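Since every read-out is calculated from the coordinates, none of them should be taken as a lab result. Keep in mind that this is a model prediction, so the values were computed, not measured. Quick reminder, even Gly has a Cβ in these numbers, built from the backbone with ideal geometry, and neighbours come from all protein chains shown.
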Amino acid sequence: MSVVVSVVTVSRAASPGAERQSSYALMSADTKAMQDDPLLNPATFAVLDGQALWQESAGKKNRSCATCHGDASTSMKGVAASFPKFNSAKGSLVNLEGQINDCRVTHQEAAPLAFESKPLLSLSTFVATQSKGMPITVERNAANATSLDAGQHLFNQRMGQLNLSCAQCHAERAGQKLAGNPIPQAHPTAYPIYRLEWQAVGSLQRRLRNCLTGVRAEPYALGSKELLELELFLAWRARGMLLETPGVRP
Amino acid sequence: MPTTAKKGEILEIRIIVQHDMESGFRHTETGQRVPRDIIRDFLCVYNGVEVFRVELHPAMGANPLIIFSTVATESGTLEFKWSGDNGYASSTSSKLTVT
């Protein structure tokens with residue numbers, strides 16, 4: 001007797017029955033105005049710093065980003081919207097910051113930049129800004145399938161002393177209030193962001209670590225496999241939504 | 001700010017500077033106080049005449065944005081200067097044509 005077993009993967013929508021919405025929609029008029037006007041947006045400094053770093057030669061090869069990639073406004077168009085990717089040669093996931101460091105180490109023979117450091121954030125903000133207004137293009141493929149499933153599993157898994165999963169707040173209760181603040185659907189459409197709470201520009205991984213601290217879980221390390229898997233899942237979940245980088249958030 | 005104006009017109013000037021504005025009230029994880037390091041003064045000088053001044057205090061957050069207005073009287077240069085703790089000094093300027 002032959003037995004046929006079928007495995008069905010269930011993918012959860014952002015919020016049951018609701019339209020996907022960027023957290024931009026939840027902000028006050030003043031904060032929206034700050035994001036919309038580059039002359040008011042404090043993340044503009046990061047974009048300008050990144051623009052300067054793009055031209056700066058580095059490493060033993062004494063090359064700049066521009067040496068290989070030329071004008072970022074053409075070569076980097078759509079690039080940020082396609083990350084994270086599974087790098088089959090490396091055998092691991094890579095996000096935009098990771099890719100910048102891979103380029104530095106491999107093609108410039110320079111030391112990688114520390115996660116959340118000003119130069120790395122400036123470069124990733126500058127590169128991501130070249131995808132502003134473009135849809136996120138992260139799709140499921142053979143290479144990233146395992147990582148995507150792992151990311152989805154993490155999103156739905158209860159964690160920390162408060163024993164909450166990402167999904168419980170951001171999928172089931174998006175739009176409701178937590179400590180007086182509206183809960184967003186958690187789509188990474190504006191990263192890197194200038195967060196008013198940080199008074200600085202920060203990456204998605206920084207924000208994810210804050211969430212984990214918020215449920216009183218030990219936050220995964222910057223650059224860890226788990227944070228990359230979550231980034232991949234969140235980007236896939238937000239596929240088709242437009243990038244707003246550089247964003248301002250409360 | 002606009003680069004041209006009619007005589008007597010009110011100009012709105014928006015200016016933002018990149019500065020961490022360390023308040024002096026924060027502590028490190030080991031309990032050391034992080035010393036104050038803020039911008040103390042901002043002034044706008046229009047053709048050599050001071051038209052606007054701000055005294056900043058630790059309550060001002062990082063990357064302070066200042067929006068103010070002045071009256072366009074004559075063509076010339078508006079200079080913007082910041083000074084602060086630990087010898088911080090920065091300046092920029094903008095030309096204005098008044099008709």
Original post:
Averaged across the residues of A:39-45, what count of C-beta atoms belonging to other chains lies within 10 Å of each residue's C-beta?
Top reply: 4
Original post:
Taking N as the number of residues in chain B, what is its Cα Rg relative to 2.2 N^0.38 Å?
Top reply: 1.30
Original post:
Could you give the nm distance between label points at B:Lys6 and B:Phe68, where each point is 7 Å from its Cα heading toward the beta carbon?
Top reply: 2.6 nm
Original post:
How big is the gap, in Å, between the Cα center of region B:19-75 and the Cα center of region A:101-156?
Top reply: 35 Å
Subject >> When region B:51-99 is reduced to its Cα atoms, the Kirkwood hydrodynamic radius in Å >> reply: 13.0 Å
Original post:
Considering only DSSP states other than H, G, I, E and B, which trypsin sites (Lys or Arg not before Pro) in region A:89-187 qualify as loop sites with at most 11 other Cβ atoms within 10 Å?
Top reply: A:Lys90
Original post:
Between the DSSP loop rule and a limit of at most 11 other Cβ atoms within 10 Å, which GluC sites (Glu not before Pro) in region A:190-238 are left?
Top reply: A:Glu197
**OP:** Jot down the per residue volume, in cubic angstrom and as a whole number, of the convex hull over the alpha-carbon atoms of chain A.
**Re:** 146 Å³
Original post:
How far apart, in nm, are two points set 7 Å out from the Cα along the Cα-to-Cβ line at B:Ser90 and at B:Arg26?
Top reply: 1.6 nm
Original post:
Label points 7 Å out from Cα along the Cβ direction at A:Gln157 and B:Ser75: separation in nm?
Top reply: 6.9 nm
**OP:** At a Cα cut-off below 21 Å, give the lysines reachable from B:Lys7, other chains included and same-chain residues fewer than 8 away excluded.
**Re:** B:Lys95
Subject >> Candidates per GluC sites (Glu not before Pro) in region B:1-79, loop by DSSP, up to 15 other Cβ within 10 Å >> reply: B:Glu9, B:Glu29, B:Glu74
Original post:
Which three lengths, in whole Å and largest first, does region A:44-129 cover when its Cα atoms are put on their principal axes?
Top reply: 33, 29, 25
Subject >> Least to most buried among B:His27, A:His153 (fewest other Cβ within 10 Å first) >> reply: B:His27, A:His153
Subject >> Expected 222 nm ellipticity per residue - DSSP helices of 4 or more, -39500 (n - 2.57), all of chain A, to 500 >> reply: -10000 deg cm²/dmol
